[in-house]
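Asker: This is the structure, below, for whatever I ask next.
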Amino acid sequence: MTESTQPDSKTSLSDTKEAEARTPEQIRKSRNRVLGLGLAAFVVLVFFISIAKMG
């Protein structure tokens, strides 16, 4: 049982180290990309709702 627990903890530590290796610029770009896609999806949704109400 302890053998299966140890690799999991090592995996989570390596995942944490990989996340820490990202620079603030990379984090900012990623966040901006997600916000931009969310905004574009909202605009498309409003557009289609407007078309549906007109038609």
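Asker: Per residue of the stretch 39-55, what does 6.51 cos²θ - 1.76 cosθ + 1.60 with θ = phi - 60° give for ³J(HN,Hα)? Whole Hz please, x for Gly and Pro, Karplus curve as stated.
Answerer: 5, 4, 5, 5, 4, 4, 4, 4, 4, 5, 5, 5, 4, 5, 6, 6, x
Asker: How would you order 32-39, 48-55 from highest to lowest mean count of nearby Cβ atoms within 10 Å?
Answerer: Ranked by mean Cβ neighbours within 10 Å, highest first: 32-39, 48-55.
Since every read-out is calculated from the coordinates, none of them should be taken as a lab result. Bear in mind the structure is a predicted one, so any value in this text is a computation, not a measurement. Virtual Cβ from ideal backbone geometry, glycine too; neighbours counted across all protein chains shown.
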